[in-house]
Amino acid sequence: MGRVLSEGRAYARLAELTDSIGPRLAGSPAAAAAEKWALARFEEDLKGTGGRAWLEPVKVPHWERGTVARGGLLAQPGFRAQPFALLALGGSPATPPGGLEAEVVEVDSLEALQAAGERVRGKVVFFDHAMAQPSDYGRFSSLRTRGPAEAGRLGAVAALVRSLATASLRSPHTGATNAAEGAPPVPAAALSVEDAELLHRAVAAGPARVRLELDSRTLPDADGHNVVAEIRGREKPDEVVLLGAHLDSWDVGTGAHDDGAGVVMVMEALRVIAQQKPAPRRTVRVVLFANEENGLRGGRGYAEAHAAELPKHVAALEMDSGAGRPLGVAATAGGEALMRRLLPPLAKVGAGVFLPGDAGGADIGPMRPAGVPFVAVRVDPTHYFDVHHTEADTLDKVDPVFLAQDAAAVAWVAYALADAVEVLPRQPPPAAGGAAGRH
Ligand SMILES: [Zn+2]
């Protein structure tokens, strides 16, 4: 752990990934460049250690934002016409050429949308909500992921979603929106918080009308890869402690917190563990997942390709909440006793605390039905959703000291779980219709 703090490479690596490769949406040339970069860095780190790295192919969605994204409020009594700061949501189709204009129906929940029913036909549905703190993300994110498709099913011509944000300097937050089965997708965009507030006032004084023009498109699925690296265990090489993060990012900003930070933390953890002599009892494997943001094909592909090995995955940990300072460790049911025994060294970075609540992650979620126990190194989420999925998710938002502390905590937890005599308890299969992954 000390080595990560004193001679760590996490921040320098994050600078390479963000300044040189930049945003890396699934299917883009930059996503392929990021895979090459990660493989080369793993090979460097593992040289002479007996560890190895490889690529595992997955097909990924290929969506392009395009170059046109404009829209705004039309003039109405008491309101001048004015443009919105907006971003197309991932998966959105284009508007008709020249854009569209329609009246707005505002709702604050999927239930309210269903209640509006026929009233939204031919209209633009505006999803407003009251996200104020990081823990609200899970509560309101379905408005973005499911709202536009549900609005389309009811005959709406487009959807506008208030950005899922904890701070705003008129910066819209993009993100994935799902297609509806049996209904054509509708154009969908995220509004900055300021513009959502404006539109809310205009609707209240209404009727309000907006215009929207997008030229986004979905291309045929593309080739992507999970980048995998491991150091084999000295006693039980078939038992695996898995560390994950996702290598893809949105196409705005440079994916520094989401999830470049997680990527360099788990890379750094493997680098220092590979230098330990002797190697830990069990195998430590790092997976940099493809396509977390708009498809989860990497996480699903890994669980499928490795289904036969999952009964011997003794723990999985995913870092995908940015690089705030480390707060402590959490685990799935029954994991507290073992984790508490492994915690004391984490006090050095302020994370020697066992935290209540479940552990998990979008990419490791598909391993849950196989009973794989999850652990988490929790980081301070206070400012994550200030920049999440925006043009402002850039290297300068990442604190190098916190990043190194996070990496050190991940390295210790992985090493300790791989070398402990005992393992975490396997998990019961989740109830049908259980929680889906977060994006
Ligand atoms: Zn992420």
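Annotations
- Separation of alpha-carbon centers, region 268-306 and region 342-392, rounded to whole Å: 15
- Each 10 Å bin from zero holds the following percent of Cα-Cα pairs in region 224-272: 23, 45, 23, 8, 1.
- Pairs of Cα atoms in the chain fall into 10 Å distance bins, from 0 up to the last occupied one, in shares of 5, 22, 30, 23, 13, 6, 1, 0 percent.
- If R0 is 51 Å, the Cβ-Cβ spacing of residue 167 and residue 55 corresponds to a FRET efficiency of close to 0.85.
- Three principal axis lengths of region 1-52 [C-alpha, angstrom, descending]: 36, 24, 14
- Shape call, region 92-133: gyration tensor on alpha carbons, a/c limit 1.5: oblate
- Note on residue 205 and residue 110: with the Förster distance fixed at 35 Å, the Cβ-Cβ geometry gives a FRET efficiency of about 0.85.
- Within region 48-109, trypsin sites (Lys or Arg not before Pro) in DSSP loop having at most 12 other beta-carbon neighbours inside 10 Å: 80
- Region 394-430-region 38-95 distance, computed between alpha-carbon centres (Å): 27
- Modelled spin-label separation between residue 304 and residue 94, with each label point placed 7 Å from Cα along the Cα-to-Cβ direction: 3.1 nm.
- Label zone at residue 426, where the point sits 7 Å out along the Cα-to-Cβ direction: region 319-346 residues whose backbone N lies under 19 Å: 332-336, 338
- Ranking of 304, 230, 197 by count of other Cβ atoms within 10 Å, fewest first: 304, 197, 230
- Kirkwood hydrodynamic radius of region 299-352, Cα pairs, Å: 13.5
- Dipole magnitude for region 271-312: computed about the Cα centre from +1 point charges on Lys and Arg Cβ and -1 point charges on Asp and Glu Cβ, it is near 360 debye.
- Value at 222 nm in deg cm²/dmol, rounded to 500, when DSSP H runs of n ≥ 4 in the chain each add -39,500 (n - 2.57): -8000 deg cm²/dmol
- For the pair residue 221 and residue 119, a Förster radius of 41 Å applied to the C-beta separation gives a FRET efficiency near 0.65, rounded to the nearest 0.05.
- Taking each residue as 0.36 nm, the span from residue 101 to residue 337 lengthens on full extension beyond its C-alpha to C-alpha distance by 79.1 nm.
- Region 289-439: radius of gyration over Cα atoms, expressed as a fraction of 2.2 N^0.38 Å: 1.06
- Mean shadow area of region 200-308, taken as a quarter of the surface of its Cα convex hull (nm²): 11.0
- Stretched out straight at 0.36 nm per residue, the stretch from residue 3 to residue 355 would grow longer than its current Cα-Cα span by 124.2 nm.
- Debye equation applied to the C-alpha atoms of region 143-200, log10 I(q)/I(0) at 0.14, 0.23, 0.26 Å⁻¹: -0.37, -0.84, -0.98
- Choice from 393, 128, 108 with maximal GNM fluctuation in the chain (Cα, 10 Å cutoff): 108
- Taking a ≥ b ≥ c as the square roots of the eigenvalues of the Cα gyration tensor, region 127-229 is classed as oblate, since a/c reaches at least 1.5 and a/b does not exceed b/c.
- About the centre of its Cα atoms, region 1-108 shows a dipole size close to 360 debye [charges on the beta carbon of Lys, Arg (+1) and Asp, Glu (-1) only; nearest 20 debye].
- Rounded, prolate or oblate (a/c below 1.5 giving rounded, otherwise prolate when a/b exceeds b/c) for region 348-403 by Cα gyration tensor: oblate
- Relative exposure of 4, 193, judged by other C-beta atoms within 10 Å (fewest first): 193, 4
- The long axis of helix 29-46 is offset from the longest Cα principal axis of the chain by roughly 10 degrees.
Only the coordinates and a few stated rules stand behind these numbers; no lab work does. Everything numeric here is computed off the predicted structure, so don't read it as measured data. Cβ coordinates were reconstructed from backbone atoms using ideal geometry, including for glycine residues, and neighbour counts include every protein chain displayed.
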